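The values are calculated or read from the model by the stated rules, or taken from the named source; none is laboratory data. Treat the numbers as computed from the prediction; the structure is a model and nothing was measured. Quick reminder, even Gly has a Cβ in these numbers, built from the backbone with ideal geometry, and neighbours come from all protein chains shown. Heads up: the accessible areas ignore ligands, DNA and RNA and are worked out on the full protein's heavy atoms, side chains in. Shrake-Rupley method; radii C 1.70, N 1.55, O 1.52, S 1.80 Å.
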Amino acid sequence: MLSNEGRLVKQPGHTHGNNPENLVNHCGFLTTKEMIPDLFCTRKTDLFTTAALPFEPALLALLTFVVNMTNSKPKSESRSDDAEGSDGGWGWVLVAALFVSTSLVFGLMRSLGIFFVEFVQYFDESAQAISWISSTGLAAQQFFSPLGTALCNAYDARLVVMTGGFLSGLGLILASQATCLVHLYLTMGVISGLGWGLVFTPMVATVMANFTRRRTLALGLAFSSIGLSSFAFNPLFQLLVETYAWRGALLILGGLSLNIVACGALIRPQKPAKAPTKVDSETKSSCAAALRRISSYLELSLLFERPYLTYTLAVSLFNVGYFVPYFHLVAHSRQVGFSEYQSAFIMSAAGAADILGRVVSGWFSDLGHFRLIHLLSFWTAMAGVFIMLLPVSSLSGSYAALMAISLLYGFCSGALTSLVFVVVPMVVGMERMMGGLGLLQLLESGAGLLGGPLSGLLKDITGNYLASFLMAGSFLVVGSLTMATLPHYLSCKEPPPSQRRPIDDKEKGSHLELQQMNSLPSDINQRRAE
């Protein structure tokens, strides 16, 4: 209706016909004679007679059109958005937040090879001992991921991510003051790793909950920051080390990591999830009730399901070798005779190919021509082959050959990354995605902890990195073969819903937080209007 201030007020569900006291136009807006005394004629009583002036409906329609265009959303468009899911809107802002946060987690982690050589020279330790620094950080990130998902299910993902951003920056700042390797294990490894664990999985689950049809593309675009940051961070870190030494460089990186706090602030605050199961008043404080609640938040029931365990085993196997090139490719390039900047540029080129691989893989996967699990197996096997070819290509001392294999490896490693996470809802269902991602990170943490030190040990034994890269690549190939044992793997189509485990009402209750993530601003505004 038109209020005293001249605003239109919608009155849905009313039909007033030709009542002389009020008039409803065909768009559903109400006017009354008390509110518009002299708008159309000199006498307010003439406005509401059956002999109203002919231009009145046209003017009302024009005012209604303007208000609808500025303040409301057409019903047909709302129905279309509901049918399509939440692909778009604030979800793309969260993609940008994930883009920045992953660059400051895995992009930074991939570029720690620059510090590897500096730590070996400064602390005068073996390659195996130095490798435990980055491996501890990676393992801590994966080990604490279930803690992050459980806290998100129980409280608020926004607060969890912001806390993780603070811890990741704090660990690097404290590492700049380290006087021994134990200090680096505790700061860069445990403290920063804990922060990374509280950041990565909740951010990924939040983005996945806001997309349906374009989920793989959204993750591919967000994860492309890892390759972009690898391309930019390696020369940047080398420059920082030469300018400020490794202590000053770590201090600067700690300050950069605090930007994750701002990324977490972009997540909309959510109400705490309710208890997953109904508990009698007499047992609310009992240990059994607490254990049931913790089990539900962590989705521990997934540990008894064969498809999830098989998939987790496959991911753990190729996680052993996936990060080895990022830890030791720079050191290998310098060992075979290339300069510091040439070695750093190899990793930068691999990072650029990684960007392309993530975007192309996300776009192609969403076309639906092939099953996602088949595409994941293919890209994993190819990445393993190219890892094994990395030291072979440099035996002749050809920089071009090493660069070419690095580009192919970067493309394949980027192509498989987003698929690893997108396949999880297909194995466990969207309702248990948050817990499934957290447990996956936890169970593969031991594999990530093993990769770097095992590669360094082989280097110490053989004197070069040939055996290290052969070992790393073989783990990816074996992991790809393990995925072939999943149920319905040979099928060309996704298994029908009836062949997947249904989710009962109790399990649905523990995922109110995830359902709230899917709420769109338009939906919230509609509820408030009602």
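Could you list, in sequence order, the residues of segment 155-180 that are open to solvent by 20 Å² or more (accessible area, probe 1.4 Å) and more than 17 Å from the chain's Cα centre (by Cα)?
Taking segment 155-180 first, the residues open to solvent by 20 Å² or more (accessible area, probe 1.4 Å) are 155-156, 158-159, 162-163, 166-167, 170, 173-174, 177, 179-180.
Matches in segment 155-180: Tyr155, Phe166, Leu167, Leu170, Ile173, Leu174, Gln177, Thr179, Cys180.
Among the candidates Gly351, Gly357, which residue alone is closer than 20 Å to Ala218 by Cβ, touching a residue at least 40 places away in the same chain (Cβ under 8 Å) and open to solvent by less than 50 Å² (accessible area, probe 1.4 Å)?
Working: Gly351 fails: closer than 20 Å to Ala218 by Cβ.
Exactly one residue qualifies, and that residue is Gly357.
Only one of (1) open to solvent by 10 Å² or more (accessible area, probe 1.4 Å); (2) farther than 20 Å from Val477 by Cα is not met by Phe421, so which one is it?
In the conditions (1) open to solvent by 10 Å² or more (accessible area, probe 1.4 Å); (2) farther than 20 Å from Val477 by Cα, Phe421 misses (2) alone.
Only one of (1) at pLDDT below 50; (2) open to solvent by less than 50 Å² (accessible area, probe 1.4 Å); (3) of a type in the set (S, T, N, Q) is not met by Gln499, so which one is it?
(2)
Go through the residues of segment 195-202 one by one and say whether even a single one is of a type in the set (A, V, I, L, M, F, W, C), surrounded by fewer than 21 Cβ atoms within 10 Å (Cβ to Cβ) and more than 27 Å from Ala415 (Cβ to Cβ). Please lay out each step first, then the result.
Keep residues of segment 195-202 that are of a type in the set (A, V, I, L, M, F, W, C), which gives 196, 198-200.
If we keep only those that are surrounded by fewer than 21 Cβ atoms within 10 Å (Cβ to Cβ) as well, we get none.
For segment 195-202, residues of a type in the set (A, V, I, L, M, F, W, C), surrounded by fewer than 21 Cβ atoms within 10 Å (Cβ to Cβ) and more than 27 Å from Ala415 (Cβ to Cβ): absent.
Does Arg371 count as surrounded by 24 or more Cβ atoms within 10 Å (Cβ to Cβ), under 30 Å from Thr482 (Cβ atoms) and among the basic types (Lys, Arg)? Spell out the reasoning first.
Working: surrounded by 24 or more Cβ atoms within 10 Å (Cβ to Cβ): no; under 30 Å from Thr482 (Cβ atoms): yes; among the basic types (Lys, Arg): yes.
So Arg371 fails the test.
Would you point out which residue out of Leu217, Leu228, Leu221, Leu239 is open to solvent by 20 Å² or more (accessible area, probe 1.4 Å), free of Cβ contacts under 8 Å to residues at least 60 places away in the same chain and in a helix (DSSP H, G or I)?
Working: Leu217 fails: free of Cβ contacts under 8 Å to residues at least 60 places away in the same chain; Leu228 fails: free of Cβ contacts under 8 Å to residues at least 60 places away in the same chain; Leu221 fails: free of Cβ contacts under 8 Å to residues at least 60 places away in the same chain.
None of the other options fit; the residue is Leu239.
Based on what the data block shows, is Ile405 without any contact (Cβ under 8 Å) to a residue 24 or more places away in the chain, surrounded by fewer than 24 Cβ atoms within 10 Å (Cβ to Cβ) and either under 17 Å from Arg334 (Cα atoms) or in contact with a Lys or Arg (Cβ under 7 Å, 6 or more places away or on another chain) (or both)? Before the answer, list the steps.
Numbers: without any contact (Cβ under 8 Å) to a residue 24 or more places away in the chain: yes; surrounded by fewer than 24 Cβ atoms within 10 Å (Cβ to Cβ): yes; either under 17 Å from Arg334 (Cα atoms) or in contact with a Lys or Arg (Cβ under 7 Å, 6 or more places away or on another chain) (or both): yes.
Considered against the rule, which asks whether it is without any contact (Cβ under 8 Å) to a residue 24 or more places away in the chain, surrounded by fewer than 24 Cβ atoms within 10 Å (Cβ to Cβ) and either under 17 Å from Arg334 (Cα atoms) or in contact with a Lys or Arg (Cβ under 7 Å, 6 or more places away or on another chain) (or both), Ile405 comes out as yes.
Name the residue, out of Leu449, Leu466, that is modelled with pLDDT under 85 and over 22 Å from Leu302 (Cα atoms).
Leu449
Residues that are more than 28 Å from Arg214 (Cα to Cα) and under 18 Å from the mean Cα position of the chain (by Cα), at least 1 per element: which helices (runs of 4 or more DSSP H) completely within segment 404-485 meet that? Walk me through it before giving the result.
Working: elements: 433-443, 445-462, 466-483.
Passing ranges, in order: 445-462.
All but one of (1) buried (at least 24 other Cβ atoms within 10 Å of the Cβ); (2) β-branched (Val, Ile, Thr); (3) at pLDDT below 90 hold for Ile387, so report the exception by its number.
Result: Ile387 fails condition (3) only.
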